[in-house]
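Trainee: Let me begin by handing over the structure; questions about it come next.
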Amino acid sequence: MDQITCVLGKYDAKYHWSAFRSIGENYYFSILNLSTMKFYLALFFILTIAYTTAQPVSPERGSVMCSQGKSARQLNRVSTMAPLPRPANVLSYDLEANFYHCFLPPYPNSFNATVNSTLLTLSATDSIQFNASNSSLVVEAVWGDAVSFVHSANILTLYLDHTFQPGDTIDFTIRYHHNDINDNAFYASNGFVFTDFEPEGARNWFPCYDSPDDKALFSIKAGTPATAKLGSNGILADSVMNGDTLVYHWVSDNNVATYLMVVSASVNYDLDIVYWPRTSNPNDSVEFRFYYQPNENPGPTEAVMMDVAAFFSDIFCDHPFPKNGFATVGSEFSWGGMENQTLTSLCAGCWGEFLAVHEFSHQWFGDMITCKTWADIWLNEGFATYSESLWAEYAYGYNLYKQDVLSNASAYLNGNPGWAISNPEWAVTTPSSDVLFNYSVTYAKGACIHHLLRYTVGDSLYFEVMKQYAQSPLLQYESAEIADFIDVVNNVTGEDYQWFFNQWVFEPNHPVYNNVYWIEQLPDQRWRVTFTVHQIQSIPDFFRMPIELRIIGQDGLDTTFRVMNNENNESFVFESDKKITKLFFDFNNEIVLKQGTTIVGESETASGKPVLDVVTTDIDGQLVVRIMTGDRAQAGRLTLLDLTGRVVRDFSSMYTGDNSYRLPVNGLSSGVYLLCFDWNGQPVTRKVFVK
């Protein structure tokens, strides 16, 4: 059976891009042939692989940096408050703020602002509630359709001038100021002003529905000193001097979740502007802005991002926004990146390729289509982490793709905390950051599930699923639940894959296999191999998956069968007119999230000896042992020896064949031991590892 691999087509077109760099009052243009640049990048990458043993250009994986950064930055910001009642949907937020003094010593966090909010009424109401931090914000006045307010317990209640009916438009303005405190959302220090809101920090910046399922249009007019450069969501409408204050006006014509609204500004920024011609319409260019600090070099990232944009536009959908960009921000942003819509934040000097790829892929999965609740975080981080693997496959080949997938699998298997990727309680109460952004589960396992889905449905259907999900008119620029993605999978494949997501996304853990097989010579000179799937994990008790079995024999016999494993202890029988010598389970390691063993080679029971099979890592201080003696039910004795031959555990009881046992090994020093099964005077020994 031929191995199925995905070879994504390379782009033959020669992309040209122009970089407009401003440093003080000096300007210059550079025109590059991107295909030529790709040659030199590829040559550099090959040399890098030779030096670093097949590591990507970036020494850090983007997903790791993202997880570590978010976990570290968010600890003091997560709310345990349930989502607010919403009788109206916010259509737009228009913010005006004066940050002028935040750029000057002693760099206060205080500023004055107003926000005008327009809402569409969903049910009859005479009041609106917004999230608004009492420690960060002081509300001073309201006007328009709101006539009074109460600000208490981090909720701003606005009382309207009459009862609005469904379909009515509500419009009001709130004047407030931000206190001079560090709230882990708005930062001002050393000439930097920037924001960082995921998951629920926007309420520290302005009153809003601070939930990812209520996206709105956003604009900001922000005052700065004349020497500052300030970026935000959307397109720069204008920048106007007003006395000594430079006022930037940014406008987003696409809905933005509150946690993805951003300001990144500095008096020391350099700025490169790169224009990327859309692959769908080369006459329409997307502006990419790169804000960086002195002594930083974003050049290699600027170059590669043009190809990344073309690649993701091809396999997902057209680049979803008229502008995009990256900005390195202040030291309080200690690590990693944050995928703010059209302007990603990066830590100082963090211009690594795979961090940029990870955050940029969020523009499709997280920004264009946003998780509806934090129980749907897989739609953001699992998708972005796997997008790194897809880029590795396209840019550097399938081997690096598989290495990246297996690296994620290893990270999960070695760090699994034992909870599911999605917990329905997170839709009501946001979990702590070390849970929500846990690398092992949210990122690593989340990415591996994409590989498992691709393996299960096949390449063509998998990539069609991703296209139809990204291009869905019901989901673009809106919020989605995991159920919405499952619906797309089912529609594309014509089958019901709820079982797949139930076991991998909504349940914790992974399968632990303790498979066995027998090889028999039949009377008619044919050979038979019987393979039995045996899973020994307890929660959940079974993972349904397609499995591949490779049968090896004499005279060139080498055949791979793909069968659907629908239940535990299910057996599959294969016959051949050639001698069968070995069977391999999941030879290509496609079920990357698994542990366990499978007996390899001719079954010892065929020669009258028992089979002793051991899961070579202890589970909760126990070894899981499978003993097979065929039809002979005589009992045997189990002992555990160290490598000197000294008995360290005599399990004393007599063990009967064709059963599984859990043997306690707690209290033993970590290392390799010998497990001996003495059966009818025929000892069988296996090496085991005790943690």
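The values are calculated or read from the model by the stated rules, or taken from the named source; none is laboratory data. Values in this document were obtained by computation on a predicted structure and should not be read as measured data. Note: ideal-geometry Cβ built from the backbone for every residue, glycine included; neighbour counts use all protein chains shown.
Trainee: Of everything in region 145-160, what is surrounded by fewer than 14 Cβ atoms within 10 Å (Cβ to Cβ) and not hydroxyl-bearing (Ser, Thr, Tyr)? Give them in sequence order.
Mentor: Hits for region 145-160 are Val147, Val150, Ala153.
Trainee: Out of Trp419, Trp426, Trp378, which single residue is over 24 Å from Asn588 (Cα atoms), in contact (Cβ under 8 Å) with a residue 40 or more places away in the chain and in contact with a strand residue (DSSP E or B) (Cβ under 9 Å, 6 or more places away or on another chain)?
Mentor: Working: Trp419 fails: in contact with a strand residue (DSSP E or B) (Cβ under 9 Å, 6 or more places away or on another chain); Trp426 fails: in contact with a strand residue (DSSP E or B) (Cβ under 9 Å, 6 or more places away or on another chain).
Result: Trp378 is the single residue among Trp419, Trp426, Trp378 that is over 24 Å from Asn588 (Cα atoms), in contact (Cβ under 8 Å) with a residue 40 or more places away in the chain and in contact with a strand residue (DSSP E or B) (Cβ under 9 Å, 6 or more places away or on another chain).
Trainee: Considering (1) in contact with an Asp or Glu (Cβ under 7 Å, 6 or more places away or on another chain); (2) within 12 Å of Phe99 (Cα to Cα); (3) not small (Gly, Ala, Ser), say which one His178 fails and leave the rest.
Mentor: Answer for His178: the failing condition is (1).
Trainee: Are there strands (runs of 3 or more DSSP E) fully within region 169-232 with at least 1 residues that are surrounded by fewer than 19 Cβ atoms within 10 Å (Cβ to Cβ)? List them.
Mentor: Details: elements: 169-178, 186-189, 192-195, 216-225, 229-232.
Correct list: 169-178, 186-189, 216-225.
Trainee: Condition check: over 30 Å from Leu461 (Cβ atoms) and in the same structural domain as Ala384 (by TED's automatic domain parsing). Does Ser313 satisfy that? Write out each step before concluding.
Mentor: Values: over 30 Å from Leu461 (Cβ atoms): no; in the same structural domain as Ala384 (by TED's automatic domain parsing): yes.
Here the answer is no, as Ser313 does not meet what is asked.
Trainee: Scan the helices (runs of 4 or more DSSP H) fully inside region 431-529 and keep the ones with 2 or more residues being without any contact (Cβ under 8 Å) to a residue 40 or more places away in the chain and surrounded by 16 or more Cβ atoms within 10 Å (Cβ to Cβ).
Mentor: Working: elements: 433-436, 446-457, 459-471, 482-493, 498-504.
So the answer is 459-471, 482-493.
Trainee: Test each condition in (1) surrounded by fewer than 16 Cβ atoms within 10 Å (Cβ to Cβ); (2) among the aromatic types (Phe, Trp, Tyr); (3) within 23 Å of the chain's Cα centre (by Cα) for Tyr259 and report the one that comes out false.
Mentor: Here Tyr259 clears every test but (1).
Trainee: Separate question: Please determine whether any residue of region 533-547 is modelled with pLDDT of 95 or more, in contact with an Asp or Glu (Cβ under 8 Å, 6 or more places away or on another chain), of a type in the set (Phe, Trp, Tyr) and not assigned by TED's automatic domain parsing to the domain that holds Ile377.
Mentor: yes
Trainee: Would you pick out the residues in region 105-131 that are out of contact with any strand residue (DSSP E or B) (no Cβ under 7 Å at 6 or more places or on another chain) and either aromatic (Phe, Trp, Tyr) or closer than 28 Å to Gly223 by Cβ (or both)? Please lay out each step first, then the result.
Mentor: Narrowing region 105-131 to residues out of contact with any strand residue (DSSP E or B) (no Cβ under 7 Å at 6 or more places or on another chain): 105-106, 123.
Those that are out of contact with any strand residue (DSSP E or B) (no Cβ under 7 Å at 6 or more places or on another chain) and either aromatic (Phe, Trp, Tyr) or closer than 28 Å to Gly223 by Cβ (or both): Pro105, Pro106.
Trainee: What pairs come out if I take residues in region 666-687 that are acidic (Asp, Glu) and pair them with residues that are surrounded by fewer than 16 Cβ atoms within 10 Å (Cβ to Cβ) and modelled with pLDDT of 70 or more whose C-beta lies under 8 Å away, six or more apart or interchain?
Mentor: As it stands, the answer is Asp678/Arg637, since those pairs meet every condition given.
Trainee: Right, another one. State which residue pairs qualify: first residue in contact (Cβ under 8 Å) with a residue 40 or more places away in the chain and inside region 355-372, second residue β-branched (Val, Ile, Thr) and assigned to a loop (DSSP other than H, G, I, E, B) in any location, beta carbons under 9 Å apart, and separation of 6 or more residues or different chains.
Mentor: Taking only residues 6 or more apart or on different chains, the pairs are Gln363/Thr342; Asp367/Thr342; Cys371/Ile377.
Trainee: A further question follows. Looking at region 291-299, is at least one residue touching a Leu at 6+ places or on another chain (Cβ under 7 Å) and farther than 19 Å from Asn233 by Cβ? Working first, answer last.
Mentor: If we filter region 291-299 for residues that are touching a Leu at 6+ places or on another chain (Cβ under 7 Å), which is where we start, we get 291.
Pick out the ones that are also farther than 19 Å from Asn233 by Cβ and you get none.
So far as region 291-299 goes, no, none of its residues is touching a Leu at 6+ places or on another chain (Cβ under 7 Å) and farther than 19 Å from Asn233 by Cβ.
Trainee: Considering only residues that are under 25 Å from Ser189 (Cα atoms) and surrounded by 15 or more Cβ atoms within 10 Å (Cβ to Cβ), which ones fall in region 240-256? Break it down stepwise before answering.
Mentor: As a first pass, look at region 240-256 and keep what is under 25 Å from Ser189 (Cα atoms): 240-250.
Matches in region 240-256: Thr245, Leu246, Val247, Tyr248, His249, Trp250.
Trainee: Kindly check whether there is at least one residue in region 59-67 that is crowded, with 22+ Cβ neighbours inside 10 Å, at pLDDT below 95, under 30 Å from Arg175 (Cα atoms) and not small (Gly, Ala, Ser).
Mentor: Within region 59-67, none of the residues are crowded, with 22+ Cβ neighbours inside 10 Å, at pLDDT below 95, under 30 Å from Arg175 (Cα atoms) and not small (Gly, Ala, Ser).
Trainee: Next question. As an exercise: evaluate Gly596 against (1) at positive phi; (2) outside any strand (DSSP E or B); (3) among the small types (Gly, Ala, Ser) and give the number of the one condition it does not meet.
Mentor: (2)
Trainee: Picking from Tyr513, Tyr443, Tyr462, Tyr469, which residue would you name as being in contact with a strand residue (DSSP E or B) (Cβ under 7 Å, 6 or more places away or on another chain) and not polar (S, T, N, Q)? If you could, list the steps in order and put the result at the bottom.
Mentor: On the way: Tyr443 fails: in contact with a strand residue (DSSP E or B) (Cβ under 7 Å, 6 or more places away or on another chain); Tyr462 fails: in contact with a strand residue (DSSP E or B) (Cβ under 7 Å, 6 or more places away or on another chain); Tyr469 fails: in contact with a strand residue (DSSP E or B) (Cβ under 7 Å, 6 or more places away or on another chain).
Only one candidate passes the filter, namely Tyr513.
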